[in-house]
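Colleague: Below you'll find the structure I mean.
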Amino acid sequence: MPTLPQFTADGVLPLGEYPLTLAELEESMLVLGPGPPKDYPVWDAAWRLQLVRNLRVLVEQLWKVGIDEIFIDGSFVEDKDHPNDIDGYFACDPMRYASGQLGHDLNLIDPQKCWTWHHATRRPYRGYPKLQLPMWHAYRVELYPHYSGLFAGTDDNGQPLEFPAFFRKCRSHGRPKGIIRIVR
């Protein structure tokens, strides 16, 4: 089984792309903890495992509609005892996304019908300042579509960044970090 490197002093994965199956992710330090339980007594492995199980539902739906390039990031892949959720993105055809066909195809599979990224569908959740997508409310996972030319944020100079570059920088200090690629 592939092993992940230990977190950096900043609490993130070292720069790189780490391919893991969902089963490997469940058995990784991202779920079980970065060290012995005595050294990480508040590491919430049960919650992290539930997040991966929720992620599995969405990833398998993406696979069913032909999407294989899926990445996860956010506080889940950091040295944080209890992450709020799993964030990620997947590569897709821009026309399939823009036409609404992708969301339609995914919602035919998903019992929650949560595949939308329209701002108007975001709802509050108690104690959270940010409005959340239906996907987050149903699964505590947010997976965003990505294609060339779609920007997710900006760099330190205000220049736009696409998901691949944006997700490989730590939000808190802007330094490079690693990311997980989900493989079959």
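Read-outs throughout are calculated quantities, based only on the coordinates presented, and are distinct from any laboratory measurement. Being a predicted model, the structure only gives us computed values, none of them experimental. Positions of Cβ are backbone-derived with ideal geometry, glycine not excepted, and every protein chain shown enters the neighbour counts.
Colleague: In deg cm²/dmol and to the nearest 500, what is the mean residue ellipticity at 222 nm of the chain if only DSSP H runs of at least 4 residues count, each as -39500 (n - 2.57), divided by the residue total?
Modeller: Values: 7 runs with 53 residues, N = 184.
Calculated from helices alone, the mean residue ellipticity at 222 nm is -7500 deg cm²/dmol.
Colleague: I would also like to ask the following. Of the listed values [x] 46, 45, 39; [y] 50, 40, 36; [z] 48, 44, 26, grab the one calculated as Cα extents along the principal axes in Å from the structure here.
Modeller: It is the value labelled [y].
Colleague: Can you order the peptides 133-145, 155-167, 59-71 by their average number of other Cβ atoms within 10 Å per residue, highest first? Kindly include the intermediate steps, with their values, before the conclusion.
Modeller: Details: 133-145: 20.5, 155-167: 13.7, 59-71: 16.8.
Most protected by this proxy first, the peptides run 133-145, 59-71, 155-167.
Colleague: While we're looking at this one, here's another question. Given H placed 1.01 Å from N in the peptide plane, which residues other than close sequence neighbours of THR21 have an amide H under 5 Å from its amide H?
Modeller: Amide H to amide H, under 5 Å and 5 or more residues apart or across chains, THR21 pairs with VAL183.
Colleague: Still on this structure, I have one more. In sequence order, what are the phi-derived ³J(HN,Hα) couplings for segment 19-24 according to the Karplus relation 6.51 cos²θ - 1.76 cosθ + 1.60 with θ = phi - 60°, rounded to whole Hz, with x for glycine and proline?
Modeller: x, 9, 6, 5, 5, 5
Colleague: Using the alpha-carbon atoms, what tilt in degrees (0 to 90, nearest 10) does helix 45-64 show relative to the longest principal axis of the chain?
Modeller: Roughly 30 degrees between the two axes.
Colleague: Next up: With a cut-off of 8 Å between alpha carbons and a minimum separation of six or more residues, what is the relative contact order of the chain in percent?
Modeller: On the way: 288 pairs, mean separation 51.6, N = 184.
The value is 28 percent.
Colleague: Still on this structure, I have one more. Note down the magnitude of the dipole of segment 35-102 about its Cα centre, charges +1 on Lys and Arg C-beta and -1 on Asp and Glu C-beta and zero elsewhere, to the nearest 20 debye.
Modeller: On the way: 7 positive and 12 negative charges, 61 e Å.
Charge dipole of segment 35-102: 300 debye, to the nearest 20.
Colleague: OK, next. What ³J(HN,Hα) values, in whole Hz, does the Karplus curve 6.51 cos²θ - 1.76 cosθ + 1.60 give for segment 134-149 when θ = phi - 60°, with x put for Gly and Pro?
Modeller: x, 4, 5, 4, 7, 10, 6, 9, 10, 10, 9, x, 9, 8, 4, x
Colleague: While we're here: Sequence neighbours fewer than 8 away in the same chain don't count; with that in mind, list the lysines whose C-alpha is under 22 Å from LYS38.
Modeller: Hits, sequence-local ones excluded: LYS80.
Colleague: Enumerate the amide H contacts of ALA152 below 5 Å, restricted to partners 5 or more residues apart or on another chain; note that Pro and chain-start residues carry no placed amide H.
Modeller: LEU161, GLU162, PHE163
Colleague: Using the beta-carbon distance between ALA165 and VAL65 and R0 = 35 Å, what value does 1/(1 + (r/R0)^6) give for FRET efficiency, to the nearest 0.05? Walk me through the intermediate numbers first.
Modeller: Numbers: r = 25 Å, r/R0 = 0.73.
The computed FRET efficiency comes out at 0.85.
Colleague: Taking only C-alpha pairs under 8 Å that are 6+ residues apart, what is the relative contact order of segment 77-154 in percent? Display every interim value, and only then the final one.
Modeller: On the way: 76 pairs, mean separation 31.1, N = 78.
Relative contact order comes out at 40 percent.
Colleague: Quick check on packing: order 10-17, 176-183 by the mean number of other C-beta atoms within 10 Å, highest mean leading. Let's see the in-between values first.
Modeller: On the way: 10-17: 16.4, 176-183: 19.0.
Ranked from most to least packed, the peptides come out as 176-183, 10-17.
Colleague: Let me ask you something else. Which lysines, if any, have their Cα less than 24 Å from the Cα of LYS64, not counting same-chain residues under 8 positions apart?
Modeller: LYS113
Colleague: SER172 to THR3: extension gain in nm, 0.36 nm per residue of separation minus the Cα-Cα distance?
Modeller: On the way: separation 169, 0.36 × 169 = 60.84 nm, distance 2.56 nm.
This chain segment gains 58.3 nm when fully extended.
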